[in-house]
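Read-outs: derived from the displayed coordinates by stated rules, not from any lab. Everything quoted here is computed from the prediction, not taken from an experiment. So basically every Cβ, Gly included, is an ideal-geometry build from the backbone, and we count neighbours across all protein chains shown.
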Amino acid sequence: MIARFVRFAGALVVSVPLALSAQGLGQGGSVTPYAGYLVTGQIYNGPIGTDLATANTPVIGAQLAIPLVAGLSLTGNVGYASADVRVGLPVIGGVNVGTNSLWLYDAGLELGGLPRGGRGLAPFVQAGVGGMSNNIRNSFLNVQSTNLVYTAGVGLDVGLARQVGLRVQAKDYIGRFDSEEAIGIGSRGDLVHNWALSAGLKLAF
């Protein structure tokens, strides 16, 4: 199901702007390459103070925005991060048990933000749906899992020049780790909030 959704979201991000462009709408979008920090939540909370989590880590990515009408845009986003996987234990603290390579992607709608060529300051909000792909590996195993996530974000555009601006954003990726896909055992993971705090250059085209 996740794979079908990912293909659908990718097709949506590509086809809708093309359709709008063919009708003379949605012209003059933007792309924002960004870098930031991913603050991850706990995948599982176990008994007597144990837990499993991916360590907080830097994140890089890019976001595409295509205006639909004034003040409303279709967005597509992809990000990547790599971090240690840690098991939290009472008294002795966290122990690294592997590495997690994360891909974050989503499509959604954005309200607000600076229009093409705009100056000044403009806040915006985003909401969407997407996926989080985990590739957890160490010396003994390599497991993969893709989780459905819902996204919500807030940010601020700062106009620097006619086609260049600064974009700062905080986006929450909300979902559960799919252990059945990873290890074949259907265990319901905790609802996790993963915050991507980022800044990048918003480049109009």
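Could you tally the net charge around residue 61, taking each other residue with its Cβ under 14 Å from the Cβ of residue 61, Lys/Arg +1 and Asp/Glu -1?
Details: positive: 167, 171, 202; negative: 106.
Result for the neighbourhood of residue 61: +2.
Within a Cβ distance under 13 Å of residue 110, other residues only, what is the Lys/Arg minus Asp/Glu net charge? Numbers along the way, then the final one.
Numbers: positive: 167, 171, 202; negative: 106, 157.
Surrounding charge for residue 110 is +1.
Let me check I've understood the local charge: for residue 38, count other residues with C-beta under 13 angstrom from its C-beta, Lys and Arg +1, Asp and Glu -1. What total comes out?
Values: positive: 171; negative: 84, 172.
Net of charged neighbours comes to -1.
Subtracting the Cα-Cα distance from 0.36 nm times the residue separation, let me have the gained length for residue 111 to residue 97 in nm, one decimal.
Full extension from residue 111 to residue 97 adds 1.0 nm.
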